[in-house]
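**Student:** Input: one structure, supplied below.
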Amino acid sequence: MINMGKKNIVTMPGDGIGKIVFSEALRVLDAAGFEANYINADIGWGCWVKEGNALPQRTIELLEKHRIGLFGAITSKPKDQAAKELSPGLQGKGYVYYSPIVGLRQHFDLDICIRPCRSFKGNPLNFIRRKGNSFEEPSVDVVVFRQNTEGLYSGVEWTNPPENVRSALETHPKMKKFKDVPGKDLAISTRIFTRPACSRIIREAFLYAKKFKYKSVTICEKPNVIRETSGMMMEEAKKISTDFPDIKLWFTNIDAQMMWLTKNPEDYGVIVAGNMFGDIVSDGFAGLVGGLGFACSANIGKDCAIFEPTHGSAPKYANLKPSIVNPMAMILSACMMLEHLGEIEKAERIKKAVADVIEEGKVRTYDMLRLPGSEKVFDQGAASTKEMTDAVISKME
């Protein structure tokens, strides 16, 4: 029964370890005193196999009603492999697999993806660098704003493009070199930017920087080669930056940025990028603060938001008993949901508990100990998923 006085949260654990870390995050939310109606929704590989749709309409309808979702992880596979794993009665009937999380972003126009990449003191996975004959550990506090619905992920692509598409493209002089390529040998993916979307995410990034006292906003693109789309992002950033004179506006090329992030990561604050480059640079910075086990994210639209860890479903670890995986990314994603809902005190309590557990160093999952993932990690001192969550809850108490 739904309690009308509580928040309604659509819960989508998904596949593999998503289900495992999801339940641990709910335990932490309960311990923090957050009360909600959790409304379970189907999503992921099981739905694809049985129904030919990894994102059922019933799940979309729940999100259309409640507008807040908490998501675990899903399994995605290449098109041909996905088709082979359909139930026998569905095979050969034209079903095509699409990523359900990308589908959610598109359907609800969750155009702003926020990915904090912050190091925790005492995390043995933190980035270190040589300084003379010694080493130093810079404090990393980067927040990536990734444009979530356009760019290369907009889905406008073809293999063997229709004649009208090909004819239109061949009006561009650069297409001359592909004129004689047979259609079956030609694959095209478009990179689409719109000025309103560029303007929205850049302004939100500046507002975030102002609110949380970051000194810079960096546009990370590739305007020297991808001139039109990256150029539009740069153009909008220059205009919007005039409204924020106390925040520096920087520009970096994505390839150079991936080098610089291991040279001087502490210099960066808020970074803005298109869909693909945002995906790349956020994973790069996540690698400096502990990897995907600590990588949380928010997908924010104008009237809907979904929160998720950025790791996958890791099916090879899903059936290990007890579970070995690190629940921190899921827990921190739940914290981002709390912040979005205005539950700041509860979010801060959880984040402080996470920080305290990591700094204390008594409880560490296998990834934090740099161990290969297997059931043998417990013999080498690794904590289980549940033990890590227990430690966080204990610190909250």
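**Student:** Which residue out of LEU320, LEU332, LEU371, LEU338 is in contact with a strand residue (DSSP E or B) (Cβ under 7 Å, 6 or more places away or on another chain), hydrophobic (A, V, I, L, M, F, W, C) and closer than 25 Å to ASP15 by Cα? Step through it out loud before you land on a result.
**Tutor:** On the way: LEU320 fails: in contact with a strand residue (DSSP E or B) (Cβ under 7 Å, 6 or more places away or on another chain); LEU371 fails: in contact with a strand residue (DSSP E or B) (Cβ under 7 Å, 6 or more places away or on another chain); LEU338 fails: in contact with a strand residue (DSSP E or B) (Cβ under 7 Å, 6 or more places away or on another chain).
The conditions single out LEU332.
**Student:** Can you tell me which condition LEU261 does not meet? The list is (1) surrounded by 17 or more Cβ atoms within 10 Å (Cβ to Cβ); (2) at pLDDT below 95; (3) farther than 30 Å from LYS131 by Cα, and all the others hold.
**Tutor:** Condition not satisfied by LEU261: (3).
**Student:** Between a first residue in region 218-237 that is closer than 16 Å to GLN147 by Cα and modelled with pLDDT of 95 or more and a second residue that is acidic (Asp, Glu) and buried (at least 24 other Cβ atoms within 10 Å of the Cβ), which pairs have beta carbons less than 9 Å apart while being 6 or more apart in sequence or on different chains?
**Tutor:** Correct list of pairs: THR229/GLU221; SER230/GLU221; GLY231/GLU221; MET233/GLU221; MET234/GLU221.
**Student:** Suppose we filter region 176-200 for residues that are aliphatic (A, V, I, L, M), farther than 20 Å from GLN106 by Cβ and within 34 Å of the chain's Cα centre (by Cα); how many remain?
**Tutor:** Matching residues across region 176-200 total 2.
**Student:** Follow-up question, since we're still on this one. Identify all residues within region 88-99 that are closer than 19 Å to ILE43 by Cβ and either surrounded by 12 or more Cβ atoms within 10 Å (Cβ to Cβ) or in contact with a Cys (Cβ under 7 Å, 6 or more places away or on another chain) (or both); write none if there are none. Give the derivation first.
**Tutor:** Step one: list which residues in region 88-99 are closer than 19 Å to ILE43 by Cβ, which gives 90, 95-99.
Scanning region 88-99 gives LEU90, TYR95, TYR97, TYR98, SER99.
**Student:** I'd like to check something: does region 155-163 contain any residue that is in contact (Cβ under 8 Å) with a residue 40 or more places away in the chain, small (Gly, Ala, Ser), touching a helix residue (DSSP H, G or I) at 6+ places or on another chain (Cβ under 8 Å) and closer than 21 Å to ASP279 by Cβ?
**Tutor:** Within region 155-163, one or more residues are in contact (Cβ under 8 Å) with a residue 40 or more places away in the chain, small (Gly, Ala, Ser), touching a helix residue (DSSP H, G or I) at 6+ places or on another chain (Cβ under 8 Å) and closer than 21 Å to ASP279 by Cβ.
**Student:** Would you tally the residues in region 93-136 being under 27 Å from VAL289 (Cα atoms), in contact with a Ser or Thr (Cβ under 8 Å, 6 or more places away or on another chain) and among the acidic types (Asp, Glu)?
**Tutor:** So the count comes out to 1.
**Student:** Here is a follow-up. Going by the conditions given, is GLY33 in contact (Cβ under 8 Å) with a residue 60 or more places away in the chain and either under 22 Å from ASN319 (Cα atoms) or assigned to a helix (DSSP H, G or I) (or both)? I'd like the intermediate steps shown before the answer.
**Tutor:** Numbers: in contact (Cβ under 8 Å) with a residue 60 or more places away in the chain: yes; either under 22 Å from ASN319 (Cα atoms) or assigned to a helix (DSSP H, G or I) (or both): no.
Judged against the criteria, GLY33 is not a match.
**Student:** Would it be correct to say that ARG67 is modelled with pLDDT of 95 or more, surrounded by fewer than 17 Cβ atoms within 10 Å (Cβ to Cβ) and farther than 24 Å from ARG146 by Cα?
**Tutor:** Against the criterion (modelled with pLDDT of 95 or more, surrounded by fewer than 17 Cβ atoms within 10 Å (Cβ to Cβ) and farther than 24 Å from ARG146 by Cα), ARG67 does not qualify.
**Student:** What is the number of the single condition among (1) within 20 Å of GLU308 (Cα to Cα); (2) in contact (Cβ under 8 Å) with a residue 24 or more places away in the chain that VAL377 does not meet?
**Tutor:** (1)
**Student:** Hey, another quick one. Among the candidates GLY89, GLY46, GLY122, single out the residue that is outside any helix (DSSP H, G or I) and either outside the structural domain of ASN275 (by TED's automatic domain parsing) or charged (D, E, K, R) (or both).
**Tutor:** GLY122 is the lone residue from the list that is outside any helix (DSSP H, G or I) and either outside the structural domain of ASN275 (by TED's automatic domain parsing) or charged (D, E, K, R) (or both).
**Student:** For the subset of region 1-15 comprising residues that are at pLDDT 95 or above and not charged (D, E, K, R), which member is surrounded by the fewest Cβ atoms within 10 Å (Cβ to Cβ)?
**Tutor:** Let us first name the residues in region 1-15 that are at pLDDT 95 or above, namely 8-15.
Checking the rest, the ones that are also not charged (D, E, K, R) come to 8-14.
On the way: ASN8: 16, ILE9: 22, VAL10: 23, THR11: 21, MET12: 28, PRO13: 25, GLY14: 27.
Top of the filtered list is ASN8.
The values are calculated or read from the model by the stated rules, or taken from the named source; none is laboratory data. Just so it is clear, the model here is predicted, and its values are computed rather than measured. Ideal geometry is used to build each Cβ from the backbone, glycine not excepted, and the neighbour counts take in all protein chains shown.
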